[in-house]
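Structure first, commentary second.
The values are calculated or read from the model by the stated rules, or taken from the named source; none is laboratory data. Quick caveat, the model's predicted, so the values are computed rather than measured. Positions of Cβ are generated from backbone atoms using ideal geometry, with glycine treated the same way; all protein chains shown enter the neighbour counts.
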Amino acid sequence: MAALIAIVLLIIAALVGPWLSPWQPDQVDWSLNPLAAPPSLASAHWFGTDGNGRDLFVRVWHGTRVSLLVALLATAVSVVIGVAWGATAGYLGGRTDGWMMRVVDVLYALPYMFFVIILTVVFGRSLWLMFLAIGAVGWLTMARIVRGQALALRRREFVTAAVTLGLPAHRIISRHIVPNVLGTVIVYATLTVPQVILFESFLSFLGLGVQEPLTSLGRLVAEGALEMETAPWQLLVPASVLALLLLALNFLGDGLRDALDARQR
């Protein structure tokens, strides 16, 4: 519950925070000398400014928006693909299951980072391509988890009854298999969100993430790391927000997993 409250507060801050500041994300305060100024209440730069004189308070919350958007959309893509693939493989079984899971094994063997970097280099760096690229290769573990659940469910009485009634396979999967794995899917999806945020931050740190005028927490951390000796607030502020967000999401996922395990007992 504490993690959930922290996540809600961070989301509210990301949505409302920029409206509380008189500065725009790309607005330069030319009155500063030097442009990289520490946090100050008098100038309304509550988190300080970056090396270009832009307000860090506004940029941090805009970056939080982008990081959450990429994480949620990429997770949604991986959940849709992973659930459909894993449920189909687990229910059909036999050779179909074998071939489908060998495809997963082959994709697992490919370097995850290398695949995403190739996509961003070939098709350009854009926000939409990033969450598609991350989601398109992030469904593999989800597919394995759902397949394991589907293998157990296909032997249950209600599935046998549906087969006896002559229901086609796609209706059994959509109406009986998928609804019964949603609890596990939700728990794992909650744990996938921080992984995607961390991965997007790493790509942005390498310069392969979102590009100006957009920003993300990972990009802000990368920019702050270059100035951490002369302007440590440029690194500490976005890094603290990123760490708090990742910890809260991981604690929430662990709590949901414990609750699901207790319910299954």
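Values as computed for the structure displayed
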{"read-out": "Residue ID - farthest from the chain's Cα centre (by Cα), chosen from residues in region 9-35 that are among the aromatic types (Phe, Trp, Tyr) and part of a loop (DSSP other than H, G, I, E, B)", "value": "Trp30"}
{"read-out": "Flag if Gly90 is touching a helix residue (DSSP H, G or I) at 6+ places or on another chain (Cβ under 9 Å), under 20 Å from Val181 (Cβ atoms) and in a helix (DSSP H, G or I)", "value": "yes"}
{"read-out": "Residue among Ala74, Ala84, Ala42 that is of a type outside the set (Phe, Trp, Tyr) and within 19 Å of Trp128 (Cβ to Cβ)", "value": "Ala74"}
{"read-out": "Check on Ile186, surrounded by 18 or more Cβ atoms within 10 Å (Cβ to Cβ), of a type outside the set (D, E, K, R), in a helix (DSSP H, G or I) and in contact (Cβ under 8 Å) with a residue 24 or more places away in the chain", "value": "no"}
{"read-out": "Checking Ala231 against (1) over 16 Å from the mean Cα position of the chain (by Cα); (2) at pLDDT below 85; (3) in a loop (DSSP other than H, G, I, E, B), the condition it does not meet", "value": "(2)"}
{"read-out": "Of all residues in region 109-134 being outside any helix (DSSP H, G or I) and within 15 Å of Gln211 (Cβ to Cβ), the one that is nearest to the chain's Cα centre (by Cα)", "value": "Ser126"}
{"read-out": "Residue tally, condition farther than 18 Å from Arg65 by Cβ and not in a loop (DSSP other than H, G, I, E, B), over region 200-217", "value": "2"}
{"read-out": "First in region 1-15 and touching a residue at least 40 places away in the same chain (Cβ under 8 Å) and over 12 Å from Trp61 (Cα atoms), second anywhere and crowded, with 16+ Cβ neighbours inside 10 Å and not aliphatic (A, V, I, L, M), Cβ under 7 Å, 6 or more apart", "value": "Ala3/Phe251; Ala3/Gly255"}
{"read-out": "Residue check for Val163: under 28 Å from Leu252 (Cα atoms) and either modelled with pLDDT of 85 or more or assigned to a loop (DSSP other than H, G, I, E, B) (or both)", "value": "no"}
{"read-out": "Any hit, region 64-77, residues being within 24 Å of Glu229 (Cα to Cα), at pLDDT 85 or above, surrounded by 14 or more Cβ atoms within 10 Å (Cβ to Cβ) and among the basic types (Lys, Arg)", "value": "no"}
{"read-out": "Of the criteria (1) surrounded by fewer than 18 Cβ atoms within 10 Å (Cβ to Cβ); (2) aromatic (Phe, Trp, Tyr); (3) over 30 Å from Asn180 (Cβ atoms), which one Trp99 fails", "value": "(3)"}
{"read-out": "Of the criteria (1) among the hydroxyl-bearing types (Ser, Thr, Tyr); (2) more than 16 Å from the chain's Cα centre (by Cα); (3) at pLDDT 85 or above, which one Thr141 fails", "value": "(2)"}
{"read-out": "Qualifying residue in region 169-178 (condition: of a type in the set (A, V, I, L, M), surrounded by 14 or more Cβ atoms within 10 Å (Cβ to Cβ), within 18 Å of Val77 (Cα to Cα) and modelled with pLDDT of 85 or more)", "value": "yes"}
{"read-out": "Subset tally (residues that are surrounded by fewer than 21 Cβ atoms within 10 Å (Cβ to Cβ) and in contact with a Lys or Arg (Cβ under 9 Å, 6 or more places away or on another chain)) for region 191-211", "value": "5"}
{"read-out": "Filter result for Leu220 (buried (at least 21 other Cβ atoms within 10 Å of the Cβ) and either under 17 Å from Leu68 (Cα atoms) or modelled with pLDDT under 80 (or both))", "value": "yes"}
{"read-out": "Sole residue being more than 29 Å from Ile118 (Cα to Cα) and not hydrophobic (A, V, I, L, M, F, W, C), chosen from Pro179, Pro213, Pro194", "value": "Pro179"}
